[in-house]
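A.B. asks: Before anything else, here's the structure in question.
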Amino acid sequence: MSLVIDATPKTCRPKGRLDVLADQLGIRIIPTWRRRGPNETHARGAFKAIVAEHGEGHLVTVVRCIRETRANRDEMWSETILAISDILAARKDWRDAGGALLDAFDAIPLRSLRESAVALRPWPVRHTLRGLLYARLEAAMATREAA
């Protein structure tokens, strides 16, 4: 008689659709109690909200604006993600601009804008960041359109 032991931990579950999508974007969604590392985010709630309101395609565009730019790749904070989503939901012409949008994000320092928004508390970081980011993005997109 042979004894077969199941070595699979009971905590392992198949990945949900959101985790699979994040994996495809090169990101791992981790619990908030763990410290973030490169290519990781705590923004599960932000991802869920964006998918529920605008769909997966919109989330992919938002994440690409962060991940596919040089200086911003690790700025996967929920406030930043949601602020970008808000702007792209309002400005569909920018969302559909493709490479011009990513080029514009290359010139925008998301980290310093977020730090400025945090310094302006008690105002919500997401809303303050949205205003700061919109002004920079509008200028960058106008420059691209003029060229």
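A.B. asks: Which whole-number percent gives the relative contact order of the chain, counting Cα pairs below 8 Å spaced six or more residues apart?
C.D. replies: Numbers: 138 pairs, mean separation 25.9, N = 147.
Relative contact order for the chain comes out at 18 percent.
A.B. asks: Two-decimal Rg/Rh of the chain from alpha-carbon positions, Kirkwood Rh? Walk me through the numbers on the way to the answer.
C.D. replies: On the way: Rg = 18.1 Å, Rh = 16.5 Å.
Radius of gyration over Kirkwood radius for the chain works out to 1.09.
A.B. asks: In deg cm²/dmol and to the nearest 500, what is the mean residue ellipticity at 222 nm of the chain if only DSSP H runs of at least 4 residues count, each as -39500 (n - 2.57), divided by the residue total?
C.D. replies: Dividing the helical sum by the residues of the chain leaves -18000 deg cm²/dmol.
A.B. asks: Then there is this: Which cross-chain or sequence-distant (5 or more) residues have an amide H under 5 Å from the amide H of Glu40, H modelled 1.01 Å from N in plane?
C.D. replies: Arg28
A.B. asks: Take Arg35 and Asp93, extend 7 Å from each Cα along the Cα→Cβ direction, and tell me the distance between the two endpoints in nm.
C.D. replies: About 4.6 nm separates the two model spin labels.
Where a number appears in this text, it was derived from the coordinates with a stated rule and is not lab data. Source: prediction; values computed, not measured. Reconstructed Cβ throughout: ideal geometry from the backbone, glycine too, with neighbour counts over all protein chains shown.
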